[in-house]
């Protein structure tokens, strides 16, 4: 390969890495607020409504309900099983 081909290949790889990183982070514009849906209430939602959130199954929904009341969305981090990555995915989709 000549120098210009390597340069093009490098740009393609850089673009692919940037797209992968955005996908991995779960960009907030993918959330319900971006498409006009109401966010799920942490303090009032049913187990079924909580299970509509990404990464929330029956067990996690019950843990969220048991941790109520929430004074701030960030309090979700005190729920067992909710770490930084899960919180980033849930934050744009929930409210108090």
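Pairs are defined by a Cβ separation below 8 Å, a sequence spacing of at least 6 or placement on different chains, a first member in region 27-54 that is closer than 14 Å to residue 92 by Cα, and a second member that is loosely packed, with under 13 Cβ neighbours inside 10 Å and at pLDDT below 95; the pairs so defined are 28/34; 32/38.
Quick grid of which residues meet (1) more than 24 Å from residue 21 (Cα to Cα); (2) surrounded by 18 or more Cβ atoms within 10 Å (Cβ to Cβ); (3) in contact with a helix residue (DSSP H, G or I) (Cβ under 7 Å, 6 or more places away or on another chain); (4) touching a residue at least 24 places away in the same chain (Cβ under 8 Å):
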site: 66; (1), (2), (3), (4): yes, no, no, no
site: 69; (1), (2), (3), (4): yes, no, no, yes
site: 85; (1), (2), (3), (4): no, no, no, no
site: 90; (1), (2), (3), (4): no, yes, yes, yes
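Just one of (1) over 16 Å from residue 92 (Cα atoms); (2) modelled with pLDDT under 75; (3) in a loop (DSSP other than H, G, I, E, B) fails for residue 19. It is (3).
The values are calculated or read from the model by the stated rules, or taken from the named source; none is laboratory data. Worth saying up front: this structure is predicted, and the values here are computed from it rather than measured. Cβ atoms come from the backbone with ideal geometry, glycine included; neighbour counts cover every protein chain shown.
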